[in-house]
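*Asks:* There's a structure below that I have some questions on.
No value in this document is a laboratory result; all are computed from the given coordinates. Quick caveat: nothing in here was measured; it's all calculated off a predicted structure. Please note: Cβ atoms are built from the backbone with ideal geometry, for glycine as well, and neighbour counts cover all protein chains shown.
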Amino acid sequence: MKQNFVLVLAGIIVGLVALWLGLSGNPPNMAVCVACFIRDTAGALGLHRAAPVQYLRPEIIGIIIGALLLGLAKKEFSPTGGSAPFTRFVLGVCVMVGALIFLGCPFRLVLRIAGGDMNAAIGLIGFAGGILTGVAFLNRGFSLRRAHEQPVAESLGLPAVSALLLVLLLAAPAFLFFSTSGPGSRHAPIWLSLAGGLIIGLVAQHSRLCFISGLRDAVLFKEFRMLACFLVLLATVLAGNLITGHFKLGLAGQPIAHSDWLWNILGLYLVGFGSVLLGGCPLRQLILAGSGNSDSGVTVLGFLVGAAISHNFSLASAAQSAEAAGGSTANGRVAFVICVIIIFAIACLNTGASKSTREASA
């Protein structure tokens, strides 16, 4: 009963924070998006030169630091790593490619649906399909093997880099790239963004919030509490959008989205499948990285490189606008095929572990 209350409260708090950040200046239906914000951060660091999506997002920093602080306070900071780091890096790249074909991570999927974007609702088909494909491999024994204890300095790497990036943003912004138009130019004030990220990091660390675990756990363990958490989050943001007049039901004219329905489905299929193999969605990877898991830190670096590749090589979809219909690119479609092949290869090559190995990895 206590865990049920924690998850319901987590859904409400995270939903309210998302509404708060959206009303404070973050892009519409993108108040919090791990994939988009890592993409913007990659642009701010000069890893790609797509001018409309360059801003060092304090929310990402806040999520990592929030998870670190609560993990230390609860004595849950656990320096571990060594569970197929390079494989996780590659999976991180592939998940990011899929997210930028759809134009959002699972967190943004929920926010887009709550804003009335039916393109996201259609994409949910692919997300569920990807999760179920991953679950099928889990049932057959997929495992990236057990992580081992690591030096504390190794596990503090990503939180330390995050803190340095915050210092850079505050003290030397001239060294960064900033959008003057487009999604990157829309953001809440730095301290509000950082506070929002910290709250999400604290709540997600305590509740184990993960946007794939709802369906995954329902199928594997007949456990539905996390699904209920997402429904509460969705209902909270939906109610807020209706109250503030930011709800717009339909397919056309949705902010920073496209109505290329097939590639919305396929992009999220890649995200769902890859996230199951990684053991958590992009948000969960940030939380684990902040809690001492250096393998998740490597995965986050995979997200960062995947975002840079997506924009440097025109893999990311274009958003719908008054001038263009938007949608997937030819390069993005080729990249999807390559990424699906890679993920299936990883899944097949790491399936068949013994029961004892799987239990040790849990």
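*Asks:* Would you grab the residues whose amide H sits under 5 Å from the one on Thr80? Only those 5+ places off in sequence or on another chain, please, with H modelled 1.01 Å from N.
*Replies:* It is Gln150, Asn293, Ser294, by chain and number.
*Asks:* Follow-up question, since we're still on this one. What does the charge count around Leu286 come to, taking other residues whose C-beta lies under 15 Å from its C-beta (Lys +1, Arg +1, Asp -1, Glu -1)?
*Replies:* Result for the local shell: +3.
*Asks:* A follow-up question, please. Just report the Cα centroid separation between segment 280-345 and segment 201-246, whole Å.
*Replies:* The two parts, judged by their Cα centres, are 22 Å apart.
*Asks:* In whole Hz, with x marking every Gly and Pro, tabulate ³J(HN,Hα) for segment 77-91 from phi via Karplus 6.51 cos²θ - 1.76 cosθ + 1.60, θ = phi - 60°.
*Replies:* Result, rounded to whole Hz: 6, 10, x, 9, x, x, 9, 6, x, 5, 4, 5, 4, 5, 4.
*Asks:* Given the Cα-Cα distance of Leu349 and Ala73 and 0.36 nm per residue of separation, how much length would full extension add, in nm? Don't skip to the answer; put the middle values down first.
*Replies:* Numbers: separation 276, 0.36 × 276 = 99.36 nm, distance 3.85 nm.
Extra length from Leu349 to Ala73 when fully extended: 95.5 nm.
*Asks:* If I measure Cβ to Cβ between cysteines in the chain, which ones have no partner under 4.7 Å?
*Replies:* Cys105, Cys210, Cys229, Cys281, Cys348, each lacking another Cys Cβ under 4.7 Å.
*Asks:* Also, I was wondering about something else. Read phi for every residue in segment 46-56 and hand back ³J(HN,Hα) as whole Hz from Karplus 6.51 cos²θ - 1.76 cosθ + 1.60, θ = phi - 60°, with x for Gly and Pro.
*Replies:* x, 6, 9, 10, 6, 4, x, 10, 9, 6, 7
*Asks:* Moving on to the next point. Per residue of segment 36-44, what does 6.51 cos²θ - 1.76 cosθ + 1.60 with θ = phi - 60° give for ³J(HN,Hα)? Whole Hz please, x for Gly and Pro, Karplus curve as stated.
*Replies:* 5, 6, 5, 4, 5, 5, 4, x, 4
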